[in-house]
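Please treat every number below as a calculation from the coordinates, not as lab data. In this text, all values refer to a predicted model and were calculated from it rather than measured experimentally. With ideal geometry, Cβ positions are generated from the backbone for all residues, glycine too; neighbour counts draw on all protein chains shown.
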Amino acid sequence: MKVTVIDHPLIQHKLTLMRQKDTGTKDFRELLEEIAMLMAYEITRDFPLKEIEIETPVTKCKAKVLAGKKVGVVPILRAGLGMLNGVVNMIPAARVGHVGMYRDPKTLKPVEYYCKLPNDVAERTLIVVDPMLATGGSAAAALSLLKEKGAKSMILMCLVAAPEGIKVINEEHPDVPLYVAAIDEKLNEKGYIVPGLGDAGDRIFGTL
Ligand code: PRP
Ligand code: URA
């Protein structure tokens, strides 16, 4: 599995603001959306292009348009919703699927509670988004579910990852490239990423 850390200065600056405990819900949400937009710009860098004939007001010419598979964006509920608009701002024609997955606070195992996808997932490149890759359980389960539903081409995009989560995705989904803005040090005894940014869902939705 290929892991890419997108270390663009704007992303790193915004992530540092998000990590700070005094950053409130409004700013946290806006920063996450902005980072998701910048990450989407980076992960689509190698998308294939083709030339088509067009006519400008001045002349006919050849110009490039996207040529690869259509895109689907799949936020893992709830916190993944915080990255959705940023990606869709960059890829407005993308279809959106939702996978509901929460982490049982005691066992840290993922529990699936919702799945609604476009009917042509097999023909799309799916960008699966979740800000936090901690134990990797939620993302690995979401990717497995999407494969069961027919997905053939997926990219996983997370904001902050723990080494433990990266290992799980590498073992269970070596075919899925992973893009992150930061790889943190470790998980603590409660399964939180250290230093991390706390509970992403709670900080996005103000449910602390
Ligand atoms: C968070 C986060 C991931 C998951 C990561 O979701 O958004 O989905 O935890 O942890 P893992 O890698 O150990 O599975 P949470 O379960 O808190 O649900 P929420 O998004 O609804 O807040
Ligand atoms: N989920 C979060 O929201 N934060 C963590 O640090 C780990 C899991």
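Quick notes on this one:
- Distance from segment 96-147 to segment 15-59 (C-alpha centre basis), Å: 22 Å
- For segment 34-48, putting each phi into the Karplus relation 6.51 cos²θ - 1.76 cosθ + 1.60 with θ = phi - 60° gives couplings of 5, 5, 4, 5, 5, 5, 4, 4, 6, 6, 8, 4, 9, 4, x Hz, in residue order, rounded to whole numbers and with x for Gly and Pro.
- Only helical runs count toward this figure. For the chain, summing -39,500 (n - 2.57) over DSSP H runs of n ≥ 4 and dividing by all residues gives -10000 deg cm²/dmol at 222 nm.
- Restriction of the trypsin sites (Lys or Arg not before Pro) in segment 1-109 to DSSP coil positions whose beta-carbon has at most 11 other beta-carbons within 10 angstrom yields LYS2, LYS21, ARG45, LYS106.
- Beta bridges by DSSP in the chain, antiparallel share as percent, to the nearest 5: 40 percent
- Pairs of alpha carbons in segment 103-208 whose separation is greater than 20 Å (percent): 39 percent
- Of ASP27, ASP104, ASP184, the one that fluctuates the most in a GNM where the chain has Cα springs shorter than 10 Å: ASP104
- Using θ = phi - 60° in the Karplus curve 6.51 cos²θ - 1.76 cosθ + 1.60, the 3J(HN,Hα) couplings for segment 22-32 round to 8, 6, x, 4, 4, 5, 4, 5, 5, 5, 5 Hz; x is entered for Gly and Pro.
- Charge dipole (Cα centre; +1 on Lys/Arg Cβ, -1 on Asp/Glu Cβ; no other charges) of the chain amounts to roughly 360 debye.
- Taking each of LYS147/LYS167; LYS14/LYS149; LYS147/LYS190; LYS152/LYS190; LYS109/LYS149; LYS26/LYS147 in turn, the alpha-carbon distance tops 31 angstrom for LYS14/LYS149; LYS152/LYS190; LYS26/LYS147.
- Taking the charge dipole of the chain about its Cα centre, with +1 at Lys and Arg Cβ atoms and -1 at Asp and Glu Cβ atoms, the residue from TYR102, LEU208, VAL5 reaching farthest to the positive side is TYR102.
- Proximal lysines relative to LYS62, as straight alpha-carbon distance under 18 Å, when same-chain residues fewer than 8 apart are discounted: LYS50
- Segment 41-168 gives an Rg/Rh value of 1.08, both radii derived from C-alpha positions and Rh following Kirkwood.
- Amide H contacts of SER153 (H built 1.01 Å from N, in plane; Pro and chain starts excluded): LEU126 sit under 5 Å, all sequence-distant by 5 or more or on other chains.
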